[in-house]
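Asks: Please find one structure pasted underneath; my questions will follow.
The values are calculated or read from the model by the stated rules, or taken from the named source; none is laboratory data. In this text, all values refer to a predicted model and were calculated from it rather than measured experimentally. Note that we place each Cβ from the backbone using ideal geometry, even for glycine, and neighbour counts take in every protein chain shown. Surface areas here come from the heavy atoms of the whole protein model, side chains and all, with no ligands, DNA or RNA. Shrake-Rupley method; radii C 1.70, N 1.55, O 1.52, S 1.80 Å.
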Amino acid sequence: MLLSQYLFFFLSFVAVLSALMVILDKNPVHSVLFLIVTFFAIAGHYLLLNAQFLAVTHIIVYAGAIMVLFLYVIMMLNLNKEIEPHKKNIPKVAAVISAGVLMMCLVALLKGAEVQMLPAARNSNIGLVDSLGKVLFKEYMLPFEISSVLFLAAMVGAVFLSKKEIH
Amino acid sequence: MQLTNRKKVVVKKEMSLAEKLYLPAITNGMVITMKHFFKKGATVRYPEVKREISETYRGQHVLKRDEQGAERCTACGLCAVACPAEAITMEAAERKKGEETLYREEKYAAVYEINMLRCIFCGLCEEACPKEAIFLTDRIVPTDLKRGEFVYGKDKLVEDINHRIDLSGRQTKEVLEFKKDKTKAHNQTWADKQKLLKENKHH
Amino acid sequence: MLTFIIYKSILVLIVFLISLGVAAYATYGERKVAAFMQDRIGPDRAGPFGIFQPLADGLKMFMKEEIIPTVSNKFLFILGPSLAMLTALMAGVVVPWGGKLAIGDHYYPLQITDINIGILYVFGVVSFGVYGIMIGGWASNNKYSLLGALRASSQMISYEIAMGLAIVALVMKTGTLSLGEMVAQQGTGGWWNIVYQPLGFLIFLICAFAETNRAPFDLPECETELVGGYHTEYSSMKLGFYLFAEYINIFISSAVISTLYFGGFNLPFQSHIPLDGNWLVIAQTAFFFGKVIFFIFFFMWVRWTIPRFRYDQLMNLGWKILIPLAIFNILATGVLMYALGKV
């Protein structure tokens, strides 16, 4: 096997294991930290696919910013076993059903998909900003702009929500 | 009622653009610190260089001996009474025959202790002493690792006979002049007194 | 292949040791600079002029009693300072420390790796640096530590945005994300980037202060309010790691600032200097370290001049001033580039 294949299996193992730990660990802070490890493993996968830019932005945005906010909120809430409110059974059932539905969708999707081998001789510059920018602004111009409008709406919404109390 | 004409009315005025930017103020401050960077420090490198201190500096105490080497202290306890910090304790004893060269008076301090941690170095003991026995000197009480070590006994307080401490700087001209007058009992050592006694017998 | 690995390992080791050495002497430098600015002398007992003071300090740190609070989360408590140190040391990998040394027929560039997203890598490592502080502060199970950790995280996230936007304008001008190429551009014709991006430089500099938790942005460890902030519960070498990581961060940010805005290892008027081959490379590296040391000094100079911000002032500066300024900088850069026909 090639080195990259070993790396692939290692990273996949880390990603799946830490993702499992996210939901299995009782301590919410540990869960967040495991999620960060998962993100790093996924960033490693991006690197294996020659998508350096994507890998680094993934780390900057998810591990470096969003998870910091997650951690921030969890630390502020100070969740621990003693003050955990007693959960009712109905949300648990609802959670199991929705997760099961998602699982079924995923399995159905993957079952129908063909296993495609990536072409071996890939252009190693494919993941660079140049090529990414060209693809984004030529082929996917409309979705890109629509998603930016979505972000703008989210930003305005966040500002609106935080200002609401003043009125 | 106006007491001085230095009063200044404080107004919170709108800042100008330059002030709002803060950058001019920051550069100003940085120029000032840079000026100080090249200034000579005011530090005195202590153990090597000692700062000049006054001759009347109130440091570690000394129990004086007279010219003959006898301890001047008579354990009257005035210093202990005067001490506002209650740092001084003593035990008196009677002078035996043959000890006249050791103790100047018929009563002396068998134990004399000053707690240097309590002492505030005010110098009231020095002022209270009728026998010119206790003085504060320009020596600094050294540091130590144990509290007990700061209770100074006679071993540390009484001046070494071979290394006398000169205190003439602490005394006024009149006092120094008075001390030369050997006709006064205050200035006579035991030897002087013996000499006078002998002379009186002759007459 | 083997020589390549050996050469890279040696380079990594050298950069590692230099980072540690510079950080160690930065602590000494800080104390000296502080002393001089306050008309004092500073440490002068350990060796001539006190130059062995860092060794004495390090030894002291090692010999101190190690205390791990019983109520703390032991694993995370140890992970905190380790992460702080790790992220501090990681950024040095992409900084070009000099040109290419010629030994025999081979050329050995004095940069560990020139990845094509170098500047983003630095940015990613910096953004990850906050975890060391957050995890340590939370694991201590102390309210002051937690407050310090929370302050650190919100401060770092706020200033990362302005920093990223300042870099965007620079990237627009240079057209590359690789640090090696940026330095090359500044060397062959063209001025240093500070000439093209003065506003971007100012924003980047302010954000660098905030990201390294240096005064006037040292709120996470603000002694007057939070005892010691996130490292209140730390002792011994784990505290040493936190303090050390700060100085390594200063060193690396100084190196990055010199690389991005001050021509990297290029000498001024390089083409007129009658040096060639390895001598030129050595002169360049020496000059680069000169710049880096100047910026380290600048960090200290600012620390001993400007008082600490209040927390709302910090947030106002970050969100209401620096981010709009940075966006304006991007727009202005774009307009100028279009007007001058550089696009």
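Asks: Can you spot a residue in segment B:136-157 that is touching a Leu at 6+ places or on another chain (Cβ under 6 Å) and not basic (Lys, Arg)?
Replies: Step one: of segment B:136-157, the residues touching a Leu at 6+ places or on another chain (Cβ under 6 Å) are B:150, B:157.
Still in the list and also not basic (Lys, Arg): B:150, B:157.
Yes, there is a match, as at least one residue in segment B:136-157 is touching a Leu at 6+ places or on another chain (Cβ under 6 Å) and not basic (Lys, Arg).
Asks: For segment C:186-294, please list each of the helices (runs of 4 or more DSSP H) lying entirely inside it that holds at least 1 residues being touching a residue at least 24 places away in the same chain (Cβ under 8 Å), of a type in the set (A, V, I, L, M, F, W, C) and open to solvent by less than 30 Å² (accessible area, probe 1.4 Å).
Replies: Details: elements: C:193-196, C:198-211, C:223-226, C:236-261.
It comes to C:198-211, C:223-226, C:236-261.
Asks: Only one of these is within 11 Å of chain A (Cβ to nearest Cβ), closer than 20 Å to C:TYR242 by Cα and free of Cβ contacts under 8 Å to residues at least 60 places away in the same chain: C:GLY129, C:GLY137, C:GLY124. Name it.
Replies: Working: C:GLY129 fails: free of Cβ contacts under 8 Å to residues at least 60 places away in the same chain; C:GLY137 fails: free of Cβ contacts under 8 Å to residues at least 60 places away in the same chain.
Being within 11 Å of chain A (Cβ to nearest Cβ), closer than 20 Å to C:TYR242 by Cα and free of Cβ contacts under 8 Å to residues at least 60 places away in the same chain holds for just one of C:GLY129, C:GLY137, C:GLY124, which is C:GLY124.
Asks: Please verify whether B:LYS107 is within 14 Å of chain C (Cβ to nearest Cβ), loosely packed, with under 15 Cβ neighbours inside 10 Å and of a type in the set (Lys, Arg), treating the condition exactly as stated.
Replies: Values: within 14 Å of chain C (Cβ to nearest Cβ): no; loosely packed, with under 15 Cβ neighbours inside 10 Å: yes; of a type in the set (Lys, Arg): yes.
Considered against the rule, which asks whether it is within 14 Å of chain C (Cβ to nearest Cβ), loosely packed, with under 15 Cβ neighbours inside 10 Å and of a type in the set (Lys, Arg), B:LYS107 comes out as no.
Asks: For segment B:157-178, give me the residue count where each residue is free of Cβ contacts under 8 Å to residues at least 24 places away in the same chain, assigned to a loop (DSSP other than H, G, I, E, B) and open to solvent by 50 Å² or more (accessible area, probe 1.4 Å).
Replies: Taking segment B:157-178 and keeping what is free of Cβ contacts under 8 Å to residues at least 24 places away in the same chain, we get B:160, B:162-163, B:166, B:168, B:171-178.
Okay, now just the ones that are also assigned to a loop (DSSP other than H, G, I, E, B), so B:160, B:162-163, B:166, B:171-172.
If we keep only those that are open to solvent by 50 Å² or more (accessible area, probe 1.4 Å) too, we end up with B:160, B:162-163, B:166, B:172.
Matching residues across segment B:157-178 total 5.
Matching residues to (1) part of a helix (DSSP H, G or I); (2) modelled with pLDDT of 85 or more; (3) open to solvent by 90 Å² or more (accessible area, probe 1.4 Å):
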site: C:PHE4; (1), (2), (3): yes, no, yes
site: C:TYR7; (1), (2), (3): yes, no, no
site: C:VAL15; (1), (2), (3): yes, yes, no
site: C:LEU20; (1), (2), (3): yes, yes, no
site: C:THR27; (1), (2), (3): yes, yes, no
site: C:LYS32; (1), (2), (3): yes, yes, no
site: C:ASP39; (1), (2), (3): no, yes, no
site: C:PRO43; (1), (2), (3): no, yes, no
site: C:ALA56; (1), (2), (3): yes, yes, no
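Asks: Ok, one more. Looking only at segment C:150-174, count how many residues are more than 13 Å from A:ALA65 (Cα to Cα) and either more than 7 Å from chain A (Cβ to nearest Cβ) or in a loop (DSSP other than H, G, I, E, B) (or both). Steps first, please.
Replies: Filtering segment C:150-174 for residues more than 13 Å from A:ALA65 (Cα to Cα) gives C:150-151, C:162-163, C:165-174.
Now narrow it down to the ones that are either more than 7 Å from chain A (Cβ to nearest Cβ) or in a loop (DSSP other than H, G, I, E, B) (or both): C:151, C:162-163, C:165-174.
Number satisfying all stated conditions: 13.
Asks: All but one of (1) within 14 Å of chain B (Cβ to nearest Cβ); (2) open to solvent by 30 Å² or more (accessible area, probe 1.4 Å) hold for C:LEU314, so report the exception by its number.
Replies: For C:LEU314, the exception is condition (2).
Asks: Working carefully through the options C:LYS64, C:LYS100, find the one that is open to solvent by 30 Å² or more (accessible area, probe 1.4 Å), more than 12 Å from chain A (Cβ to nearest Cβ) and in contact with a strand residue (DSSP E or B) (Cβ under 9 Å, 6 or more places away or on another chain). Before you say what the answer is, go through the steps one by one.
Replies: Values: C:LYS64 fails: in contact with a strand residue (DSSP E or B) (Cβ under 9 Å, 6 or more places away or on another chain).
From the options C:LYS64, C:LYS100, the qualifying one is C:LYS100.
Asks: Another question, then. Among the residues of segment B:55-69, write down those that are under 13 Å from B:LEU157 (Cβ atoms) and among the small types (Gly, Ala, Ser).
Replies: Taking segment B:55-69 as the starting set, the residues that turn out to be under 13 Å from B:LEU157 (Cβ atoms) are B:59-65.
Result: B:GLY59, single match.
Asks: Among the candidates C:ILE330, C:ILE323, C:ILE306, single out the residue that is outside any helix (DSSP H, G or I), open to solvent by less than 40 Å² (accessible area, probe 1.4 Å) and not hydroxyl-bearing (Ser, Thr, Tyr).
Replies: Details: C:ILE330 fails: outside any helix (DSSP H, G or I); C:ILE323 fails: outside any helix (DSSP H, G or I).
After applying the criteria, what remains is C:ILE306.
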